[in-house]
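The values are calculated or read from the model by the stated rules, or taken from the named source; none is laboratory data. All values derive from a computational prediction rather than experimental measurement. Neighbour counts run over all protein chains shown; Cβ positions are idealised from the backbone, glycine included.
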Amino acid sequence: MSKLPKGFLWGGAVAAHQLEGAWQTDGKGTSVADVMTAAQAGVSREITEGVIAGKNYPNHEAIDFYHHYKEDIALFAEMGFKCFRTSIAWTRIFPRGDEDSPNEDGLQFYDDLFDECLKYGIEPVVTLSHFEMPYHLVEEYGGWRNRQMIEFFTRFADICFRRYKDKVKYWMTFNEINNQANYHDDFAPFTNSGLKFAAGEDREQIMYQAAHYELVASAKAVQLGHAISPELQIGCMIAMCPIYPASCQPADVLMAQKAMEKRYFFADVHVHGSYPGYMKRYFDRKNFALDVTKEDLQELQQGTVDYIGLSYYMSLAIEYKNDNPQFDYREESDIVRNEYVEASDWGWQIDPEGLRYSLNWLQDHYHLPLFIVENGFGAEDEFEEDGSIIDDYRIDYLAKHIEQMIRAVDEDGIELMGYTPWGCIDLVSAGTGEMKKRYGFIYVDKDNEGNGTLERKKKKSFDWYKQVIATNGEDL
Ligand code: P53
């Protein structure tokens with residue numbers, strides 16, 4: 001007897017900018033992902049001022065899913081997918097972001113894509129904003145530091161809900177909205193919110209302002225969606241990297257708790273419709289003058305989410321340092337290596353039990369259904385002499401995580417909607433822009449420099465995952 005509920009949504013996850021390519025086809029505009037170059041070992045992705053000739057922008061072509069989607073969805077169907085998580089590229093619908101009316105060709109593409117999924121009984125699960133806002137909104141308005149984004153985003157959300165309400169039931173507003181808690185970095189604020197900072201600007205304050213506008217926009221979108229169809233399930237999406245105390249020293253425990261607050265208050269606002277007390281006190285202490293109106297607070301109250309989508313790749317650990325009496329979260333200096341777990345070649349700590357812990361933590365805090373919409377192992381794949389790819393390391397990672405997920409459902413009573421491993425087909429890495437950091441059950445012939453035939457090929461994990469789905473997680 002399967003320990004997972006009948007109708008459990010097994011599937012796979014991707015994001016438009018990381019696989020579609022066709023960056024200028026059928027009227028698509030330039031997105032923030034289109035101005036990011038590919039990184040190399042030790043060199044971060046460069047965010048360029050517009051598209052500069054001669055640079056390598058891996059998302060421009062990606063794996064050309066735009067022209068291969070029928071073949072790819074047929075492979076997902078062969079694995080038995082019940083659902084497929086993707087995002088709608090905002091720039092296909094509103095190429096610059098501030099137009100009054102949408103681009104019909106872009107809308108038609110997603111009609112065709114969703115129809116193709118439904119043909120096989122695959123339920124589309126859709127993120128509205130997954131690191132791909134129109135670049136024009138960055139140049140012209142400064143991205144989400146500008147309140148006008150709320151209007152542009154809700155217009156986009158409204159069009160999508162109306163157009164696809166009979167094809168798409170499960171939605172999420174902002175992918176990994178909490179990544180920008182690491183505002184020191186250039187990547188997260190840019191991909192989450194289209195933020196670029198001038199020297200001397202208070203990055204943290206600007207990030208909280210942008211996040212506030214996003215939270216209000218999300219709440220408005222939830223209300224719009226529910227008014228368009230009460231059938232729609234609209235969730236938030238949180239990157240869940242639980243932060244453990246480095247030791248049982250009380251200061252480490254408190255440090256971890258305070259760090260968790262800084263990373264997860266976003267979920268509190270999405271779920272409870274208000275800011276937790278600790279964040280209000282923190283804003284006061286920092287003298288942040290945030291533009292938060294009475295109307296905003298009402299919108300937050302009225303637009304709480306139906307479920308929590310989460311990604312889970314790794315856990316972190318943090319240590320208290322003596323120069324930090326307020327226990328402020330400092331990811332760049334206080335996160336330490338956890339010696340109890342292993343790490344991937346990219347330094348991501350592998351911790352299957354952390355997934356069970358995370359599911360429990362989220363359920364304890366929010367009492368809402370959960371949906372694991374990303375989990376996976378980025379690794380370099382190599383061909384055997386006979387041309388096959390034996391990705392046992394990926395199978396091992398996924399099996400151990402699925403096992404913990406099942407224990408969370410079976411032993412802990414977690415209400416879990418589904419599981420969609422990340423990058424079910426190889427695609428461009430968000431963090432590094434590389435192709436060689438692969439997650440897929442399906443290999444795509446393309447390298448970091450952009451060379452390759454784009455031919456698709458099943459890895460060993462393809463048949464393994466097919467069997468996992470067929471047995472509802474019994475056969476790992
Ligand atoms: P890549 C950082 C930490 C956790 C999740 O990431 C993250 C990131 C950003 O790199 O992003 C999510 O491709 C994201 C996906 C992304 C995936 O994790 O850097 O939602 O877009 O591809 C994996 O290995």
Only one of these is in contact with a His (Cβ under 6 Å, 6 or more places away or on another chain) and either among the β-branched types (V, I, T) or surrounded by fewer than 24 Cβ atoms within 10 Å (Cβ to Cβ) (or both): W23, W10. Name it.
-> W23
Would you check if A267 is crowded, with 22+ Cβ neighbours inside 10 Å and in contact with an Asp or Glu (Cβ under 9 Å, 6 or more places away or on another chain)?
-> no
Give me a count of the residues in the range 346-393 that are among the aliphatic types (A, V, I, L, M), under 26 Å from I318 (Cβ atoms) and touching a Ser or Thr at 6+ places or on another chain (Cβ under 8 Å).
-> 3
Has the range 192-203 got any residue that is under 24 Å from T86 (Cα atoms), of a type outside the set (G, A, S) and surrounded by 17 or more Cβ atoms within 10 Å (Cβ to Cβ)?
-> yes
Checking I390, I414 in turn, the sole residue that is more than 16 Å from the ligand (Cβ to nearest atom), in a loop (DSSP other than H, G, I, E, B), under 22 Å from H272 (Cβ atoms) and among the β-branched types (V, I, T) turns out to be I414
Considering only helices (runs of 4 or more DSSP H) fully contained in the range 129-203, which possess at least 3 residues that are within 16 Å of the ligand (Cβ to nearest atom) and in contact (Cβ under 8 Å) with a residue 12 or more places away in the chain?
-> 187-193
Options D447, D386; residue that is acidic (D, E) and closer than 26 Å to F190 by Cβ | D447
Any residue in the range 111-128 that's farther than 13 Å from Y164 by Cβ: show its pairings with residues that are buried (at least 19 other Cβ atoms within 10 Å of the Cβ) and of a type in the set (V, I, T) at Cβ separation under 6 Å, as long as the two are six or more apart or on different chains.
-> E116/I73
Could you figure out which of (1) closer than 30 Å to M417 by Cα; (2) of a type outside the set (A, V, I, L, M, F, W, C); (3) surrounded by fewer than 19 Cβ atoms within 10 Å (Cβ to Cβ) isn't true of Q148?
-> (1)
Taking the range 45-76 and keeping only residues that are acidic (D, E), exposed (fewer than 15 other Cβ atoms within 10 Å of the Cβ) and more than 17 Å from Y443 (Cα to Cα), one is left with E49
Determine, yes or no, whether I372 is of a type in the set (V, I, T), more than 30 Å from D186 (Cα to Cα) and surrounded by 15 or more Cβ atoms within 10 Å (Cβ to Cβ).
-> no
Helices (runs of 4 or more DSSP H) lying entirely in the range 1-102 (those with 1 or more residues that are away from the ligand (no atom under 15 Å from the Cβ) and farther than 28 Å from L195 by Cβ) | 65-79
Restricting attention to the range 435-447, and to residues there that are over 16 Å from L75 (Cα atoms) and within 13 Å of the ligand (Cβ to nearest atom), which single residue is farthest from the chain's Cα centre (by Cα)?
-> K436
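How many residues are in contact with a Leu (Cβ under 8 Å, 6 or more places away or on another chain) and in a loop (DSSP other than H, G, I, E, B) when one looks only at the range 417-428?
Counting residues in the range 417-428 that are in contact with a Leu (Cβ under 8 Å, 6 or more places away or on another chain) and in a loop (DSSP other than H, G, I, E, B) gives 4.
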Only one of these conditions is not met by P5: (1) under 27 Å from L310 (Cβ atoms); (2) within 20 Å of the chain's Cα centre (by Cα); (3) not charged (D, E, K, R). Which number is it?
-> (2)
Tabulated pairs, the range 423-434, first within 25 Å of W10 (Cα to Cα) and near the ligand (Cβ under 8 Å from one of its atoms), second in a loop (DSSP other than H, G, I, E, B) and of a type in the set (D, E, K, R), C-beta under 7 angstrom, 6+ apart or interchain | S429/K437
Please tell me if I308 is within 26 Å of E380 (Cβ to Cβ), of a type outside the set (K, R) and surrounded by 18 or more Cβ atoms within 10 Å (Cβ to Cβ).
-> no
Can you pull out the residues in the range 204-225 that are within 15 Å of D306 (Cβ to Cβ) and small (G, A, S)?
-> S218, A219, A221, G225
Only one of T91, T48 is hydroxyl-bearing (S, T, Y), at pLDDT 95 or above and more than 19 Å from S429 (Cα to Cα); which?
-> T91
With the first residue restricted to the range 215-231 and required to be more than 17 Å from L290 (Cβ to Cβ), and the second required to be among the polar types (S, T, N, Q) and part of a helix (DSSP H, G or I), Cβ contacts under 7 Å at 6 or more apart or on different chains are K220/T154; A221/T154; Q223/Q302; L224/T154
